[in-house]
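FYI, it's all coordinate maths here, none of it is from the lab. Because the structure is a prediction, the values reported are computed rather than measured. For neighbour counting, all protein chains shown are included, and Cβ atoms are generated from backbone atoms with ideal geometry for every residue, glycine included.
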Amino acid sequence: MCSKGVWQLKQLTVRFCAHSGGSAGTREFLRTELAAFAEANPQLEVAAEGRSNRPALLRGKYVCGSERQVEVSNMSASEVLAAASALRDQTGRKVTRVRENVKSSSPSIQGMWDPTTQFDAFAIRV
């Protein structure tokens with residue numbers, strides 16, 4: 001996600017196992033789609049790490065210093081691409097719940113909307 005013109009994800013690391021069946025989709029992603037993803041996101045540092053007997057995962061490091069990991073074991077190459085795009089589109093900050101609606105100190109003078117309100121006919125002149 002871009003905040004004030006600055007992309008928040010600064011580094012994406014793809015970790016996979018060279019032999020595991022669960023990493024097959026990740027290896028396919030590396031062969032077919034990673035180069036295009038890296039070219040489309042020049043602001044992003046992309047790295048791939050082979051790790052034996054470990055689940056495939058994507059690790060994103062953000063400008064604010066936080067990290068997020070997404071396990072992509074047993075996913076297809078297109079699903080891994082979607083997970084990488086989802087990491088790119090996040091801010092890296094903790095998700096917080098909005099507790100209340102916005103309260104205004106100066107309420108609207110128009111009143112509440114009512115679908116049964118009748119308006120007088122008027123002409124529009126150009």
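Key figures
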{"read-out": "Residues whose placed amide H lies under 5 Å from that of V46, excluding near-sequence neighbours", "value": "L12"}
{"read-out": "Rg and Dmax [Cα atoms of segment 39-126; Å; Rg one decimal, Dmax integer]", "value": "24.8, 75"}
{"read-out": "T96/K10 FRET efficiency (R0 22 Å; Cβ-Cβ; nearest 0.05)", "value": "0.50"}
{"read-out": "Estimated FRET transfer efficiency (H19, A47; beta-carbon r; R0 22 Å; 0.05)", "value": "0.65"}
{"read-out": "Rg and Dmax [Cα atoms of segment 7-88; Å; Rg one decimal, Dmax integer]", "value": "11.8, 35"}
{"read-out": "Cα-based reach from K94 at 19 Å (exclusive), listing aspartates and glutamates while leaving out same-chain residues under 8 positions away", "value": "E67, E71"}
{"read-out": "Selection from A40, S66, W7, by position along the positive dipole direction of the chain (Cβ)", "value": "S66"}
